[in-house]
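Following: one structure in structure tokens, then a few remarks.
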Amino acid sequence: MIARQILPLLKARLSERSAVALLGPRQVGKTTLALTVADSMPSSVYLDLESESDLAKLSDPELYLSKHEDDCVILDEIQRKPGLFQTLRGSIDRIRRQKKNGRFLLLGSASLDLLRQSSESLAGRISYIELSPLTLEEVGQKHASALWVRGGFPESFTAKTDAASMSWRRDFIRTYLERDIPQLGPRIPAETLRRFWTMLAHRHGGLHNAATIAQSLGVDGKTVASYLDLFVDLLLVRRLEPWHQNVGKRLVKSPKIYFRDTGLLHCLLGIDTEDDLLGHPVVGASWEGHVIENIIAAMPEGAHCYFYRTSAGAEIDLVMELPKRRRWAVEIKKGLAPTVSKGFHIGCADIKATRQWVIYSGGETYPLDAKTTAISLGKFIRGLRTDET
């Protein structure tokens with residue numbers, strides 16, 4: 001499957017910039033997307049930096065790149081060869097003077113390493129695009145339940161059975177813990193990281209409490225912070241920050257933690273099917289994270305999202321800061337008869353929300369009160385995309 005929204009964006013960026021970085025976790029479809037773009041270009045060359053033969057071609061990167069100055073060079077898993085960024089800088093500067101665009105497409109599975117290296121060597125020379133797992137917008141309402149239960153990694157989502165999907169996700173997690181993370185540098189026992197990842201699964205959608213996790217793991221708070229940073233940088237966990245403007249209230253300052261793919265969340269919790277999920281205590285938090293990830297994937301450039309909570313009980317699941325000075329408050333409910341709490345209305349007044357929404361499991365759009373509209377996730381995203389919501 002090709003990400004329908006990302007494909008035109010990627011083509012547009014390559015037509016405007018000399019270098020573009022496409023970021024996303026492993027197995028999310030970056031290579032497929034890149035090769036699809038390459039097929040539409042006059043000439044291109046693809047190098048997988050996990051391949052020893054392709055790495056050998058870059059033993060003298062300056063010489064190799066000079067022989068492909070008229071090609072779009074696609075470098076997959078670029079974080080495997082961080083020293084290459086220095087050479088890329090010189091090459092990009094030359095082609096910028098020649099006003100050539102679409103010269104480099106860099107694919108990376110770890111934002112930490114890629115962004116650090118490129119920020120040191122390619123500042124102002126590179127544009128970043130993030131590729132998320134499949135979204136509801138891409139798979140359609142017909143497959144909404146499967147997407148929520150299995151997650152959006154293409155091989156997990158398209159597996160023939162729930163059991164095959166779960167098996168793929170177990171292998172994915174094992175590979176990350178035993179091979180991919182050690183290749184990035186951290187020497188942390190795989191079992192320790194698995195325990196930490198599983199603890200995050202049990203706290204999905206909740207406020208991050210480093211002290212509690214540290215006590216359970218037998219480590220200090222700084223170590224827990226480094227573990228969380230790692231999973232955030234690998235684009236596997238989202239750290240949703242609290243809305244922070246001064247409203248004269250005592251605001252919650254800890255971030256909320258969400259798995260960016262519900263399929264991985266359910267795998268670590270041993271949830272195999274939709275029936276299992278609907279009877280599990282995590283169902284509400286899982287749905288909330290699923291909705292948030294789909295919304296973030298559809299947000300326009302320059303938009304930002306937060307949550308809002310005060311010590312007095314005012315709470316908003318998602319605060320969206322959008323262009324044109326729009327500030328939307330979103331409550332997320334699993335069920336067909338949504339209601340909103342007094343705390344949501346107080347929070348909306350605190351932040352001066354310009355629109356109030358409740359995203360729920362049903363398909364009908366209708367007003368809950370004079371200011372708040374109930375709407376399905378699919379319709380909300382379509383409106384957000386077309387700026388008609």
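The values are calculated or read from the model by the stated rules, or taken from the named source; none is laboratory data. Note that the coordinates shown come from a computational prediction; the quantities given were computed from them, not determined experimentally. Methodologically, a virtual Cβ is constructed for each residue, glycine included, from the backbone with ideal geometry; neighbour enumeration extends over all protein chains shown.
Name the pairs: first residue in segment 206-217 and touching a residue at least 24 places away in the same chain (Cβ under 8 Å), second residue assigned to a loop (DSSP other than H, G, I, E, B) and not hydrophobic (A, V, I, L, M, F, W, C), Cβ to Cβ under 6 Å, at least 6 apart or on different chains? What qualifies is Leu207/Ser254; His208/Ser254; His208/Pro255. Considering every residue within segment 316-337, establish whether at least one is under 22 Å from the mean Cα position of the chain (by Cα), within 25 Å of Thr198 (Cβ to Cβ) and part of a helix (DSSP H, G or I). Scanning segment 316-337, I find no residue that is under 22 Å from the mean Cα position of the chain (by Cα), within 25 Å of Thr198 (Cβ to Cβ) and part of a helix (DSSP H, G or I), so the answer is no. State all residues of segment 74-93 that are of a type in the set (D, E, K, R) and either outside any helix (DSSP H, G or I) or without any contact (Cβ under 8 Å) to a residue 12 or more places away in the chain (or both); if no residue qualifies, say none. Asp76, Glu77, Lys81 - these are the residues of segment 74-93 that are of a type in the set (D, E, K, R) and either outside any helix (DSSP H, G or I) or without any contact (Cβ under 8 Å) to a residue 12 or more places away in the chain (or both).
Does Leu33 meet the test of being at pLDDT 90 or above and either in contact with an Asp or Glu (Cβ under 7 Å, 6 or more places away or on another chain) or within 30 Å of Val139 (Cα to Cα) (or both)? It is true that Leu33 is at pLDDT 90 or above and either in contact with an Asp or Glu (Cβ under 7 Å, 6 or more places away or on another chain) or within 30 Å of Val139 (Cα to Cα) (or both). Residue-level check: of (1) buried (at least 23 other Cβ atoms within 10 Å of the Cβ); (2) more than 24 Å from Arg194 (Cβ to Cβ), Gly152 misses just (2). Once segment 44-58 is narrowed to residues that are part of a loop (DSSP other than H, G, I, E, B) and modelled with pLDDT of 90 or more, the residue that is surrounded by the most Cβ atoms within 10 Å (Cβ to Cβ) is Leu49. Among the residues of segment 241-272, those that are at pLDDT 95 or above and among the hydroxyl-bearing types (Ser, Thr, Tyr) comprise Tyr258, Thr262.
Any residue at all in segment 325-332 that's of a type in the set (A, V, I, L, M, F, W, C) and without any contact (Cβ under 8 Å) to a residue 24 or more places away in the chain? No - not one qualifying residue is present in segment 325-332.
Selection of segment 356-389 for residues being assigned to a strand (DSSP E or B) and surrounded by 15 or more Cβ atoms within 10 Å (Cβ to Cβ) yields Gln356, Trp357, Val358, Ile359, Tyr360, Thr372, Thr373, Ala374, Ile375, Ser376. Evaluate segment 211-230: report whether one residue or more is in contact with a Ser or Thr (Cβ under 9 Å, 6 or more places away or on another chain), among the aliphatic types (A, V, I, L, M) and within 22 Å of Cys305 (Cβ to Cβ). Scanning segment 211-230 turns up no residue that is in contact with a Ser or Thr (Cβ under 9 Å, 6 or more places away or on another chain), among the aliphatic types (A, V, I, L, M) and within 22 Å of Cys305 (Cβ to Cβ). In segment 170-191, the residues that are in the same structural domain as Glu50 (by TED's automatic domain parsing) form no Cβ pair under 8 Å with any partner that is part of a helix (DSSP H, G or I) and among the small types (Gly, Ala, Ser), whether six or more places apart or across chains.
Output the residue which, of all residues in segment 77-92 that are surrounded by fewer than 16 Cβ atoms within 10 Å (Cβ to Cβ) and either within 29 Å of Val232 (Cβ to Cβ) or in contact with a Ser or Thr (Cβ under 9 Å, 6 or more places away or on another chain) (or both), is modelled with the lowest pLDDT. Here the residue is Pro82. Which of the residues that make up segment 285-315 are over 19 Å from Val237 (Cβ atoms) and either within 20 Å of the chain's Cα centre (by Cα) or free of Cβ contacts under 8 Å to residues at least 40 places away in the same chain (or both)? Correct list: Ala298, Pro300, Glu301, Gly302, Ala303, Gly313, Glu315.
Scanning segment 1-43 for residues that are assigned to a helix (DSSP H, G or I), more than 27 Å from Ala123 (Cβ to Cβ) and polar (S, T, N, Q) returns Thr32, Thr36.
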